[in-house]
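The values are calculated or read from the model by the stated rules, or taken from the named source; none is laboratory data. Please read these numbers as outputs of a predicted model, since none were measured by experiment. Note: ideal-geometry Cβ built from the backbone for every residue, glycine included; neighbour counts use all protein chains shown. These accessible areas exclude ligands, DNA and RNA; they are computed on the full protein's heavy atoms, side chains included. Shrake-Rupley method; radii C 1.70, N 1.55, O 1.52, S 1.80 Å.
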Amino acid sequence: MSSPGKVQFLQDVTRSERPTFVFLSETISSYLKMERLCSKLGYDGFIAVEPIVVANNDSCWRLTGLYGEPARSERHKTWELLRNLARDANLPWCVMGDLNNITSQQDKKGGILYPNNLISGFNDCLHDTCLCDMDILGHQYTWERGRNTDHWIEIG
C-alpha cells in the first residue's frame with residue numbers, strides 16, 4: 001500500500017462512506033506500514049482478528065480474511081481452501097478480502113471477457129460453501145488497471 005494515489009483513494013472513501021471497519025488484504029506490506037495506514041485513515045485501532053469472534057449479542061460467528069490465489073490457473077486452490085474451511089465449523093461465516101474472482105461478466109468493465117470457466121468454478125464454490133457474494137455500496141468496481149487509457153479495466 002505504498003502508492004500515494006491508493007492511500008488518497010482509501011482516505012477519500014473512508015471519509016465519505018464512514019465504514020465502521022475496514023479490512024485490507026495486503027500481502028507485501030509490513031505490519032508497521034499497515035499500522036501507519038490505519039492511522040492515516042483515521043482509525044484508532046489496528047486489530048488482528050481470530051477466526052472465531054463474539055459479537056455484542058454474544059452470538060458466535062466466524063470471520064475469514066482471505067487473499068485469493070492471483071494466478072488464474074491456480075484459482076482452484078482458493079476454491080478448495082474455502083470448501084475445506086466450510087467443513088471445519090457450523091458457525092455463521094463471513095469471508096472478506098480479495099478473492100480474485102467474479103461471479104458474472106457484469107462484474108467487469110473493459111478488456112476481454114473474463115473466462116467463463118473461472119466464473120463457473122467460483123460460483124460452484126460459493127454454492128458448495130453456502131456463501132453468497134454481497135452487493136457493494138458506492139462505486140461498483142473495487143479494482144482497476146489502466147485508468148484514463150484505452151485499456152482501462154475495472155472489476156467489482
* Structure fact -> Residue count, region 116-135, condition in a helix (DSSP H, G or I), open to solvent by less than 60 Å² (accessible area, probe 1.4 Å) and touching a residue at least 24 places away in the same chain (Cβ under 8 Å), comes to 5
* Asked: Looking at region 1-49, which of its residues are at pLDDT 80 or above and open to solvent by 90 Å² or more (accessible area, probe 1.4 Å)?
  -> Lys6, Phe9, Arg15, Glu17, Arg18, Arg36, Lys40
* Go through (1) in a helix (DSSP H, G or I); (2) closer than 24 Å to Arg147 by Cα and name the single condition Gly111 misses. => (1)
* Structure fact -> Only one of (1) open to solvent by 40 Å² or more (accessible area, probe 1.4 Å); (2) polar (S, T, N, Q); (3) at positive phi does not apply to Asn100, and that is (1)
